[in-house]
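**Q** To start, I am sharing the structure in question, which I have written as structure tokens.
Nothing in this text is a laboratory measurement; each read-out follows from the coordinates by a stated rule. Model, not experiment: these values are computed from the prediction. Note that each Cβ is placed from the backbone with ideal geometry, even for glycine, and that neighbours are counted across all protein chains shown.
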Amino acid sequence: MQTEIDHYTYRVTWSAEDREHVGLCAEFPSLSWLAKTPTAALQGIRRSIAQVVTDMKANGETIPEPLAERRYSGEFRVRIPPELHRALSIRAAEQGVSLNRLVSSKLAGGDEGR
């Protein structure tokens, strides 16, 4: 069980509202764990996920696949207003790059296309 839950995507953040650290798991977005320290928040969410996975198995439910183990094609569609599409196409042409390269760079936070 421990190895299975090790493949999930965990994050610990500060909650100003709760004044505690929050442990989160991307594959189980409805679950969280509050604790005084980041380490305790991570340990708590991991224990919670282990229990949920055990319960899901016992009930014959489908267990979420870890994000890190999913296959990604590198392609996705996004709808944007025609005016933005035009503006991005012009900017890409002016820079001598493809629209795909310009948008990829912008999504990655790169300097290209600024």
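**Q** Hand me the GluC sites (Glu not before Pro) from the range 16-51 located in a DSSP loop with no more than 14 other Cβ atoms within 10 Å, in residue order please.
**A** The qualifying sites are 17.
**Q** Then there is this: Answer with one residue from 60, 73, 90: the one whose Cα lies farthest towards the positive end of the charge dipole of the chain, charges on Cβ with Lys, Arg +1 and Asp, Glu -1.
**A** Of the options given, the answer is 90.
**Q** Return the sequence-ordered ³J(HN,Hα) values of the range 7-22 in whole Hz as given by the Karplus equation 6.51 cos²θ - 1.76 cosθ + 1.60 applied to θ = phi - 60°, using x for Gly and Pro.
**A** 8, 6, 9, 9, 8, 10, 9, 8, 10, 5, 4, 8, 6, 8, 7, 10
**Q** Only one of the values (i) 13; (ii) 51; (iii) 33 was calculated from this structure for percent of Cα pairs over 24 Å apart; name its label.
**A** Correct label, based on the coordinates given: (ii).
**Q** Explain nothing, just the number: dipole magnitude of the chain about its Cα centre with +1 on each Lys and Arg Cβ and -1 on each Asp and Glu Cβ, in debye rounded to the nearest 20.
**A** Around 320 debye, computed over the chain.
**Q** Can you give me the distance in nm between label points at residue 62 and residue 31, each placed 7 Å from the Cα along the Cα-to-Cβ direction?
**A** The two pseudo-label positions are separated by 1.8 nm.
**Q** In debye, nearest 20, what is the charge dipole magnitude of the range 2-68 about its Cα centre with +1 on Lys and Arg Cβ and -1 on Asp and Glu Cβ, if you could check?
**A** Roughly 240 debye for the range 2-68.
**Q** With a sphere of radius 14 Å drawn around the Cβ of residue 21, what net charge do the other residues whose Cβ falls strictly inside it have (Lys, Arg +1; Asp, Glu -1)?
**A** With Lys, Arg at +1 and Asp, Glu at -1, the neighbours total +1.
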